[in-house]
Amino acid sequence: MTGVWPAVLISVNLALATTLILIVLSLPLAWWLATTRSPLRTVVEALTTLPLVLPPTVLGFYLLILFSPETALGAFWVRLTGETLAFSFTGLLLASCLYSLPFAVQPLQTAFASSGMGAMQAARSLGATRSDAFRSIALPLARRGLLSAAVLSFAHTLGEFGVVLMVGGNIPGRTRVISIEIFTAVETLDYRTAHMLSGGLLAFSFAVLLILYALNGRAARTLG
């Protein structure tokens, strides 16, 4: 069992980094989607939601092509770091951010939309700047959506398989995450390790859903 700890550590680090990046990126994007009247909103929403319906291997395949040293992005990264984006932790991180994007944007967008613009407009009328009103009014009202976005992003990243396998491969100590460790254990008939890792992910996923439903139920009772 000790041999799986590198995969656990890589998975946790990947999930934490992905969650932090997605929260930073999703806050302005979700706010724009919740408040804009731009005709581009539908297109942006579709692009943001696409990873939910796109097979992970398809997304992983195109990212693998994008990260190739033959592309501008891949060549730039090779010149900068001396290694390829594919089959690296950085490549996993970029792929995870794209794949988990809907799980961060949608809860925040829903929270911003449900809080309305009345309080923001009142704060603006009292002299608050747009950024001040956003920090002091919109963010506190959307705190449950922010928590949901963070928890779901972390949990979803922790359980990724198809995208990370396509982009990162199966390199022990570098790109082998928990889901790939389970796959490897099953391939080698190491069912004990597969059971322990799978059971841990199952318990974690159930706990995440339990917490989210409990928070949403409490919020509904408060509003009622």
What value, in deg cm²/dmol to 500, does the helix sum -39500 (n - 2.57) over DSSP H runs of n ≥ 4 give at 222 nm once divided by the residues of the chain?
-25000 deg cm²/dmol
For the pair LEU209/HIS195, report the inter-label distance in nm, with labels modelled 7 Å from Cα in the Cβ direction.
2.3 nm
Find the relative contact order for the chain and round it to a whole percent, using C-alpha pairs within less than 8 Å whose residues are 6+ positions apart.
30 percent
Sort 92-103, 155-166 by the packing proxy (mean of other Cβ within 10 Å over each peptide's residues), most packed first.
92-103, 155-166
Can you tell me the 0 to 90 degree angle between the C-alpha axis of helix 72-81 and the longest principal axis of the chain, rounded to 10?
70 degrees
Cα extents of the chain per principal axis, largest first, Å, are 63, 44, 27
Taking the chain as a Gaussian network, where each spring joins two C-alpha atoms under 10 Å apart, which residue of VAL43, VAL186, VAL167 fluctuates the most?
VAL43
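Using Cβ contacts closer than 10 Å as the measure, can you line up ARG37, ARG79, ARG135, ARG176 from fewest to most?
Arranged by neighbour count, lowest to highest, ARG37, ARG79, ARG135, ARG176 become ARG37, ARG79, ARG135, ARG176.
A short reminder: the numbers here are calculations on the coordinates, not readings from a lab. Keep in mind that what you see is a predicted model, and the values were worked out from it rather than measured. Don't worry about glycine lacking a Cβ; one is built from the backbone with ideal geometry, like all the others, and counts go over all protein chains shown.
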